[in-house]
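*Asks:* Got a structure for you, questions after.
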Amino acid sequence: MLLAVFVGVRTHAADQMTSTILIGNSRIDVVVEKGDLRVSKEELMTWAHWAAESVSGYYGRFPVPHLLLRIIPTNGRGVRGGRTFGRDDGGYIAIHVGSETDFAYLANDWMLTHEMVHLSFPSMADNHHWIEEGIATYVEPIARVRAKHFDANQMWFEVVRDMHQGLPATGDEGLDNTHTWGRTYWGGALFCLLADVEIHRETGNKKGLEDALRGILDAGGDIRYDWPIEKALKIGDQATGVPVLENLYDRMKGQPYDVDLPALWQQLGIDREGDKVVFIDTAPLAKAREAITFGKAGASLKPAATDLRNAAVFAGRTAAVFPPDKTHD
């Protein structure tokens, strides 16, 4: 288990606050800019720690040696405007938190974890942006479930509800050539889901997508480095011992690749009933579903509250409603 250590709190000019989280061999410097916030600095640090803990659990370590996390107070309630960049010593994330945000909202936030996942994969050419966003969209809720910061039932409900947005529409030319919002975020997530299921199927649940992604990261493939997609997928397949990523990419990169999602949910043993899902443990791929969710089959579920009121949809997940941002397009 990776332990996080909080190292002091320092104040700077204009009432900025900087504090540090040490997690494994990595250092996260958190800078909170001047501004009114309902949440305390300690609660902001807990939020950052939980996101880092989730990502570290999925990948086996925090993806980069150093992260500068800049939290920018803004109007309204919730979290928005996350952006992630690579730097020579690691990464940089800027993210906005509304002045009316309370800790209950932060405890259910997905966006900071999503941004931290971006640190774990090499930078791609523009036509491969879908795999960067797809990995972040797919891995984030799983990582939070495994760290016990999200409920597995709610995770699969959202996956079943939203994954259809990644399917090809009329005129689609494959993931590399169709740069719509749905194909970028959810098309990339669909690629990850199909790969995860197939890796589990071919390895008898001994390996999963996390093994491929850990292999890429351990080979030096983080956000600081520009890689061709073929290199990343080849290394990922070597880590699992099955050529799933390269084969799936060949099928999805240049032409529409339709997927029968209702049949896939049935195989995985996921039955949607209104605003919830029911798991069917006798389904053919039920063990694969459990392994995808928890990293090993047979883990028990942990209930968690999720407040979706007053929410809008961003990248297929819930995000706060804010007044118009006058400083950004």
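Every read-out reported here was derived from the displayed coordinates using simple, explicitly stated rules and does not represent laboratory data. Treat the numbers as computed from the prediction; the structure is a model and nothing was measured. Cβ atoms come from the backbone with ideal geometry, glycine included; neighbour counts cover every protein chain shown.
*Asks:* Picking from W186, G215, L119, whose Cα lies most toward the positive end of the charge dipole for the range 94-236 (charges on Cβ: Lys, Arg +1; Asp, Glu -1)?
*Replies:* Ranked along the dipole, the leading option is G215.
*Asks:* Output the relative contact order of the chain, whole-number percent, from Cα pairs under 8 angstrom with separation of 6+ residues.
*Replies:* On the way: 645 pairs, mean separation 53.1, N = 329.
Taking the mean separation of contacting Cα pairs over the length of the chain, I get 16 percent.
*Asks:* Taking the Cβ of L190 as the center, what net charge do the other residues with Cβ under 11 Å away carry, scoring Lys and Arg +1 and Asp and Glu -1?
*Replies:* On the way: positive: R183; negative: D162, D196, D258.
Computed value for this residue: -2.
*Asks:* Under a Cβ-Cβ cut-off of 13 Å, what is the net charge of the residues other than L285 that fall near it, where Lys and Arg count +1 and Asp and Glu count -1? Don't skip to the end; give the middle numbers.
*Replies:* Details: positive: R201, K287, R289; negative: D196, E198, E202, D281, E290.
Value of the local net charge: -2.
*Asks:* Near the amide H of L175, under 5 Å away, which other amide H atoms are found, from residues 5 or more places off or on another chain, if H is placed in the peptide plane?
*Replies:* Counting only residues 5 or more places away or on other chains, the set is K253, G254, Q255.
*Asks:* Okay, moving on. Place a +1 charge on the Cβ of each Lys and Arg in the range 145-278 and a -1 charge on the Cβ of each Asp and Glu, then give the dipole magnitude about the Cα centre in debye, rounded to the nearest 20. Show your work: numbers first, answer last.
*Replies:* Numbers: 15 positive and 23 negative charges, 67 e Å.
For this selection, approximately 320 debye.
*Asks:* In whole Hz and in residue order, list the ³J(HN,Hα) couplings for the range 219-235 that follow from phi through the Karplus curve 6.51 cos²θ - 1.76 cosθ + 1.60, θ = phi - 60°; x for Gly and Pro.
*Replies:* 7, x, x, 10, 4, 6, 10, 8, 10, x, 4, 4, 5, 5, 5, 4, 5
*Asks:* Let me know the charge dipole size of the chain about its Cα centre in debye, to the nearest 20, where only the beta-carbon of Lys, Arg (+1) and Asp, Glu (-1) is charged. Intermediate results must be reported in sequence, preceding the final value.
*Replies:* Working: 34 positive and 45 negative charges, 148 e Å.
Dipole size: approximately 720 debye.
*Asks:* Output needed: percent of Cα pairs per 5 Å distance bin for the range 114-162, bins running from 0 to the one holding the longest distance.
*Replies:* 5, 21, 25, 21, 14, 9, 4, 0
*Asks:* For the range 76-231, what Kirkwood radius comes out of the mean inverse Cα-Cα distance, in Å?
*Replies:* Working: mean 1/r = 0.0601 Å⁻¹.
Here the Kirkwood hydrodynamic radius works out to 16.6 Å.
*Asks:* Now for a separate question. Cα atoms only, the chain: Rg and Dmax in Å?
*Replies:* Every Cα atom of the chain included, Rg and Dmax give 19.3, 60 Å.
*Asks:* Could you tally the net charge around H129, taking each other residue with its Cβ under 11 Å from the Cβ of H129, Lys/Arg +1 and Asp/Glu -1? Mind dumping the intermediate values first?
*Replies:* Numbers: positive: R183; negative: D126, E132, E133, D176.
Cβ neighbours under 11 Å give a net charge of -3.
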